[in-house]
Amino acid sequence: MKKAEIGDLITFRNGLKGLVEKVNENSVIVDLTVMENFRDLELEEKTVVNHKNYKIIKK
């Protein structure tokens, strides 16, 4: 499994997308505001995603 790096675009949890802001040992911190429908989803701006739970879309 390849770990994401800062600036990578990832997808997780049924299609949510985010931009990696920080890489930790077991997880990444992701900025969700890059999604076009972010405001409609009423989510927090950032979230933590375990390395096992995402796929890298774009480096």
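Laboratory data are not the source of any read-out in this text; all were calculated from the coordinates shown. Since the structure is predicted, the reported quantities are computational estimates derived from the model, not experimental observations. Please note: Cβ atoms are built from the backbone with ideal geometry, for glycine as well, and neighbour counts cover all protein chains shown.
So the values come out like this:
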| quantity | calculated |
| --- | --- |
| Residue match in region 22-32 (condition: surrounded by 12 or more Cβ atoms within 10 Å (Cβ to Cβ), assigned to a helix (DSSP H, G or I) and in contact with a Gly (Cβ under 9 Å, 6 or more places away or on another chain)) | yes |
| Residue in region 10-24 that is of a type in the set (Val, Ile, Thr) and in contact with an Asp or Glu (Cβ under 6 Å, 6 or more places away or on another chain) present | yes |
| Candidate set from region 1-29 (those that are closer than 14 Å to LYS58 by Cα and β-branched (Val, Ile, Thr)); member that is farthest from the chain's Cα centre (by Cα) | ILE6 |
